[in-house]
Amino acid sequence: MAKESPTTKKVLRIAHRGASGHAPENTLVSIQKAINLKCDLVEVDVRRTRDGHLVLLHDERVDRTTNGTGLVEELSLGEIKRLNAGQGQRIPTLDEALGATRGRVGIMLELKVHGIGPKAVEAVRRRGFPHAVIYASFLTAELLPVRRTDPKAATLALMEELSSDPITTTREAQATYLGLRWDTATSPLVEACHRAGLKVFVYTVNEPRDIAKMRALVVDGIISDFPDRL
């Protein structure tokens, strides 16, 4: 079968932590900006509070992205909700994020800690989410409970550094997508993934010249802080 041309293949436009190049990351305003930019998917990070609520935060600590301090897992939802996440934004719960995106855009949920996959799946089920949902994680073993909870779930194995056999690693996680740091993606690897039936997303690609390189590799999706550049 002939290789698809990068000029004709549909490449998914994925907003990283919402359109975080334009608005505070992992907030409802960054999600809305991604929707306004007509992205295919919004990627957000999911963590668990001390009292078991799922919220959107990338780091283990709230220090970098809010006016507060401390570990997310040691703060209650009430304490989290009092923080300013930038421009007066509050940290959304996963349910609030699903409500903001439902019927408007697909969503990628990056599971940042162990054990939250099944609860995230249940949150999606409660919402009756009609658009695409992809569960992603660098903790690839965390994708297996997602698959057990929803055998039809789309899952993405993220890799910071390439394993000796990234295709096997992805298959062991029962994932259908492989997420590569953009500067580790090569044409032979992308082609091998496609032959194995895996789709390839690359992150976090912000510079136009790098976006062009990824398109030339015929990847399936590009994750960017500036999805309007894709």
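Each value in this text was obtained by applying a stated rule to the coordinates, not by laboratory testing. All of these numbers come straight from a predicted model, not from anything done at the bench. Positions of Cβ are backbone-derived with ideal geometry, glycine not excepted, and every protein chain shown enters the neighbour counts.
Helix 117-127 versus the longest principal axis of the chain: what is the Cα-based angle in degrees, 0 to 90, to the nearest 10?
80
Got a sec to turn the phi values of the range 197-206 into Karplus ³J(HN,Hα) couplings, 6.51 cos²θ - 1.76 cosθ + 1.60 with θ = phi - 60°, whole Hz, x for Gly and Pro?
So the Karplus estimates, Gly and Pro as x, are x, 9, 8, 10, 10, 10, 9, 9, 10, 10 Hz.
Counting other Cβ atoms within 10 Å of each Cβ, which trypsin sites (Lys or Arg not before Pro) in the range 34-84 have at most 14 and sit in a DSSP loop?
Sites meeting the loop and neighbour criteria: LYS38, ARG64, ARG82.
Pop out the Kirkwood hydrodynamic radius of the range 143-230 from its pairwise C-alpha distances, inverse of mean 1/r, in Å to one decimal.
Details: mean 1/r = 0.0749 Å⁻¹.
About 13.4 Å for the range 143-230.
What percent antiparallel are the DSSP beta bridges of the chain, to the nearest 5?
Here the antiparallel bridges make up roughly 15 percent for the chain.
Report the relative contact order of the chain, percent, no decimals, based on alpha-carbon pairs under 8 angstrom and at least 6 residues apart.
Working: 488 pairs, mean separation 47.5, N = 230.
Contact order relative to length: 21 percent.
Under unit Cβ charges (Lys, Arg +1; Asp, Glu -1), what dipole magnitude, rounded to 20 debye, does the range 12-229 have relative to its Cα centre?
740
Search the structure for amide H atoms under 5 Å from the amide H of ARG61, placed 1.01 Å from N in the peptide plane, and list their residues when 5 or more places away or on another chain.
Under 5 Å from the amide H of ARG61: VAL72.
Counting only residues 5 or more places away or on other chains, whose amide H sits under 5 Å from the amide H of ASN26 once H atoms are built in the peptide plane?
Answer set, sorted by chain and number: GLY18.
Could you give me the ³J(HN,Hα) list for the range 174-191, computed from phi with Karplus coefficients 6.51, -1.76, 1.60 and θ = phi - 60°, whole Hz, x at Gly and Pro?
6, 8, 9, 10, 10, x, 10, 4, 4, 7, 9, 7, 10, 4, x, 5, 4, 5
Compute the Rg/Rh shape ratio of the chain: radius of gyration over Kirkwood radius, all on alpha-carbon atoms.
0.96
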